[in-house]
């Protein structure tokens with residue numbers, strides 16, 4: 001059995017069943033081994049950022065790692081931006097990176113680079129395979145590292161000759177430690193104006209139901225803006241997410257005497273501004289950590305609710321939205337249409353940036369869905385995350401809500417959607433600008449645009465024709481302007 | 001004067017007049033300052049890999065740096081693959097990277113990352129600005145570092161508050177040391193079968209003319225396959241480039257007793273293979289370094305030719321090619337058409353990969369042109385390098401010869417071509433496969449494709465429609481199949 005086959009069999013035995021890949025020469029034996037290990041599904045992506053973003057989306061949906069396979073340092077480099085996002089999402093990912101054969105490394109060939117240095121930019125978990133014989137055991141350790149709660153990117157650098165040489169036994173993944181359940185202590189015991197910020201695994205079914213009981217008891221419940229996957233829609237308790245800009249975020253926290261963090265960090269603003277705070281917790285408000293990022297916040301939440309003796313809760317359910325009648329194609333109308341048409345169990349990947357608020361405002365009235373927001377702020381994740389979510393959840397509709405600026409970082413995602421027959425609808429909000437930078441330009445105190453600076457946020461000359469771009473990659477597309485509906489479509493329309 | 005304005009004025013004073021950029025919030029003051037420093041041309045790119053590749057193309061053509069401006073660690077990450085190529089091309093580049101304001105860095109906001117770690121993957125020259133007052137002086141040192149012969153990527157990490165704070169004086173670039181001219185010593189004095197490998201700055205006018213005199217005296221003259229810019233075409237002495245695969249490259253060197261290196265390293269194969277050599281110099285052949293990578297090889301070459309007393313040389317000039325008659329659209333026919341129609345002074349950026357050899361075989365019969373090959377092997381450089389070359393040389397036709405696989409890494413280049421009205425013709429060789437991997441699959445000994453592995457090199461399902469993709473970004477395009485001419489066009493056709 002070659003090293004490559006051993007690697008694949010070890011991954012499959014450890015539950016890693018999908019590999020998002022963009023292979024090169026040094027990964028040919030891995031590619032060839034796919035024919036002998038059909039349990040591993042290879043998903044080809046035309047750009048590496050699609051691979052890493054797709055693995056993030058997959059992990060967010062299933063809580064377990066997919067693999068990525070990238071070609072040497074520069075291939076990994078192209079995947080780093082979405083690995084950054086995956087790292088901030090705490091997504092488990094097994095990142096396989098091919099390396100020159102060990103003999104060849106001495107010669108500083110054109111593609112030689114310091115792969116470890118690239119890998120360490122997004123993770124401390126970097127394993128360099130030391131021999132073909134160690135393939136199985138190393139891959140098993142890499143999987144275990146990736147699965148440490150809530151999840152990590154674990155890189156494994158595999159020299160080509162270790163792939164083509166005879167390997168040892170298939171590796172068996174060591175047991176993964178369960179996350180610690182921290183004690184509740186005195187949290188919530190004394191009188192005060194208590195708030196709680198939910199993140200990580202607590203913004204889903206059980207965690208939200210527990211949080212509803214706190215809300216019914218007068219607690220202010222908020223959701224970490226960058227939590228990786230939020231279960232939302234009618235029938236669920238839907239706390240507000242933290243706002244993006246400092247002032248409204250501070251307003252959300254104003255008046256609290258105590259803020260409890262559960263798998264979340266104390267809220268800070270996305271960017272720093274000349275005369276605004278970065279740290280958003282009001283002065284005088286005491287911060288308590290109920291569960292850290294790597295602890296079991298849901299169990300801790302249950303213990304908290306029990307310790308306070310809180311009973312079942314009800315909340316005001318938002319009404320459904322009718323499908324809007326024909327009319328101007330505003331952001332509000334799009335939000336209504338999405339809320340009205342989103343099928344039960346849909347998955348929404350959001351990278352709308354400045355177009356977001358009016359659309360998101362309508363979504364609590366949609367049927368149950370999973371919401372995948374921006375986590376690390378590196379633009380170009382929306383569509384790749386949609387690819388991964390669709391691969392992870394084949395029976396569910398995926399809707400990617402994407403800006404036009406942000407849509408141009410990883411448009412190659414469309415090809416993989418078409419290739420794999422994924423049920424993804426991408427809506428591009430084409431305002432023809434880096435609109436968020438209009439806002440940020442004012443906020444950073446750099447007033448006004450002249451001709452040169454204006455050109456750096458105006459992406460409307462020439463106008464991008466997303467319908468043609470998406471069709472060029474095999475995705476059915478259409479465009480609506482002023483009064484007509486628009487969007488580019490995957491395998492089907494939003495309602496089918 | 002804000003720090004941002006000081007930075008721009010320092011760059012312009014040091015001859016850095018173009019900035020390929022994809023800015024974000026932390027770079028807004030830099031963008032605003034463009035209005036006050038109109039001598040700096042901002043070129044907006046929709047993806048960071050276009051910025052870094054364009055700066056590489058610009059530097060290869062002019063031998064001086066452009067700037068890039070990228071947004072935080074993840075923005076830099078997206079530029080790294082083409083920085084890798086630029087590094088192997090020894091291109092001078094001033095890489096500006098925005099950072100959170102210094103106050104904000106403490107809070108581990110979503111976009112916080114270790115920018116220095118990203119930067120160091122492609123260069124040792126990493127400068128972190130320490131205060132707004134130091135802006136001018138630091139930028140001047142960064143430019144000097146970039147210009148150290150033959151060129152380096154020099155990063156400057158600029159925290160947002162240093163851009164918006166009051167700065168000190170505009171910096172004055174310290175004088176840049178001229179490269180050393182090494183002594184000739186005993187090179188070429190004794191009898192033998194001498195060969196010489198030219199790289200760096202020696203594969204242009206004067207160096208090639210000197211090499212012709214060596215060739216006339218019986219020396220075997222070869223060109224470093226990955227030399228950044230080769231002056232070629234009729235009227236010039238055109239030595240063969242080193243071959244890609246080990247066996248033909250070894251054949252080029254067979255029988256040599258002595259190999260002289262001039263701004264080049266001893267030839268090694270691109271990849272390592274199970275039963276082939278990585279180091280390609282025949283055993284028993286003595287290697288002499290006439291000039292290292294950072295030395296003045298052209299002066300050294302002149303001294304060598306003088307020391308050997310070699311006179312003027314002539315060589316057999318290849319004949320011109322007629323425009324081919326209508327017929328099957330083969331690679332050979334395309335090569336002939338390009339050779340026949342390439343206008344004097346054109347620039348050819350080559351990332352054809354497997355389609356290359358038949359096309360390149362025709363090009364020595366073209367009018368004088370500059371040839372920009374793959375340098376670092378990270379795919380996705382062809383079109384960005386074309387963008388930068390066209391910005392650098394507005395009067396000259398740029399032709400990008402691009403594979404379909406490689407064309408999908410940085411297709412956003414087309415938008416910048418259209419935006420800037422660049423005179424670039426892109427020819428996509430759409431063979432619908434990662435064809436080079438067919439070859440590499442055999443060579444690495446991973447025999448045969450099954451259904452799964454086959455799918456990882458087949459990029460023809462669905463078929464990419466490059467005409468639509470390019471049109472979607474504002475570039476006029478057309479397609480030819482079997483017997484008709486094809487290609488996607490920039491501002492004009494090849495002959496205009």
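Laid out as a table, the results:
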quantity: Residue identified as over 26 Å from residue A:72 (Cβ atoms) and surrounded by fewer than 21 Cβ atoms within 10 Å (Cβ to Cβ) among B:111, B:105, B:129; calculated: B:105
quantity: Subset of the stretch B:227-242 [under 12 Å from residue B:370 (Cα atoms) and part of a strand (DSSP E or B)]; calculated: B:230, B:231, B:232
quantity: Meets criteria (crowded, with 18+ Cβ neighbours inside 10 Å, in contact with a strand residue (DSSP E or B) (Cβ under 6 Å, 6 or more places away or on another chain) and either modelled with pLDDT under 95 or in a strand (DSSP E or B) (or both)) for residue A:156; calculated: yes
quantity: Residue within the stretch B:245-253 that is touching a helix residue (DSSP H, G or I) at 6+ places or on another chain (Cβ under 7 Å) and at negative phi present; calculated: no
quantity: In the stretch A:82-115, the residues that are in contact (Cβ under 8 Å) with a residue 60 or more places away in the chain, in a loop (DSSP other than H, G, I, E, B), over 18 Å from residue B:266 (Cβ atoms) and within 7 Å of chain B (Cβ to nearest Cβ); calculated: A:101
quantity: So residue B:77, is it in a helix (DSSP H, G or I), out of contact with any strand residue (DSSP E or B) (no Cβ under 8 Å at 6 or more places or on another chain) and facing chain A (nearest Cβ under 7 Å); calculated: yes
quantity: Residue list for the stretch B:182-226, filter: assigned to a loop (DSSP other than H, G, I, E, B) and surrounded by fewer than 16 Cβ atoms within 10 Å (Cβ to Cβ); calculated: B:183, B:185, B:186, B:189, B:190, B:191, B:192, B:193, B:217, B:218
quantity: Test: residue B:477 is in contact with a helix residue (DSSP H, G or I) (Cβ under 6 Å, 6 or more places away or on another chain), crowded, with 19+ Cβ neighbours inside 10 Å and modelled with pLDDT under 95; calculated: no
quantity: Residue ID - nearest to residue A:161 (Cα to Cα), chosen from residues in the stretch B:241-265 that are within 13 Å of chain A (Cβ to nearest Cβ) and without any contact (Cβ under 8 Å) to a residue 40 or more places away in the chain; calculated: B:246
quantity: Some residue of the stretch B:64-73 being within 14 Å of chain A (Cβ to nearest Cβ) and in a helix (DSSP H, G or I); calculated: yes
quantity: Selected residue (criterion: nearest to residue A:236 (Cα to Cα)) from residues of the stretch A:325-358 that are over 24 Å from the mean Cα position of the chain (by Cα) and surrounded by fewer than 19 Cβ atoms within 10 Å (Cβ to Cβ); calculated: A:340
quantity: Test: residue B:173 is modelled with pLDDT of 95 or more, crowded, with 16+ Cβ neighbours inside 10 Å and over 20 Å from residue B:233 (Cβ atoms); calculated: no
quantity: Any strands (runs of 3 or more DSSP E) falling wholly within the stretch A:243-359 and containing at least 2 residues that are in the same structural domain as residue A:435 (by TED's automatic domain parsing); calculated: A:346-351
quantity: Matching residues, the stretch B:1-48, being surrounded by 24 or more Cβ atoms within 10 Å (Cβ to Cβ) and more than 12 Å from chain A (Cβ to nearest Cβ); calculated: B:6, B:7, B:10, B:11, B:14, B:16
quantity: From B:205, B:195, B:235, B:200, residue being at positive phi and in contact with a strand residue (DSSP E or B) (Cβ under 9 Å, 6 or more places away or on another chain); calculated: B:200
quantity: Any hit, the stretch A:126-136, residues being within 13 Å of another protein chain (Cβ to nearest Cβ), under 29 Å from the mean Cα position of the chain (by Cα) and modelled with pLDDT under 95; calculated: no
quantity: Selection status of residue B:327, more than 28 Å from residue B:245 (Cα to Cα) and at pLDDT below 95; calculated: yes
quantity: Odd one out for residue A:263 among (1) crowded, with 22+ Cβ neighbours inside 10 Å; (2) more than 22 Å from the chain's Cα centre (by Cα); calculated: (2)
quantity: Counted residues, the stretch B:392-419 - those being touching a strand residue (DSSP E or B) at 6+ places or on another chain (Cβ under 6 Å) and more than 30 Å from residue B:277 (Cβ to Cβ); calculated: 9
quantity: Residue B:185 over 30 Å from residue B:60 (Cα atoms) and touching a strand residue (DSSP E or B) at 6+ places or on another chain (Cβ under 9 Å); calculated: yes
quantity: Residue ranges of strands (runs of 3 or more DSSP E) in the stretch A:368-482 with at least 1 members under 23 Å from the mean Cα position of the chain (by Cα) and within 14 Å of chain B (Cβ to nearest Cβ); calculated: A:398-403, A:424-429
quantity: Filter pass, residue B:151 being buried (at least 18 other Cβ atoms within 10 Å of the Cβ), touching a residue at least 12 places away in the same chain (Cβ under 8 Å) and outside any strand (DSSP E or B); calculated: yes
quantity: Subset of the stretch B:402-417 (residues that are more than 14 Å from residue B:460 (Cβ to Cβ) and touching a residue at least 60 places away in the same chain (Cβ under 8 Å)); calculated: B:409, B:410, B:411, B:412, B:413, B:414, B:415, B:416, B:417
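The values are calculated or read from the model by the stated rules, or taken from the named source; none is laboratory data. It should be emphasised that the depicted structure is a prediction, and the values quoted were computed from it without experimental measurement. Glycine gets a Cβ as well: all are built from the backbone with ideal geometry, and neighbour counts include every protein chain shown.
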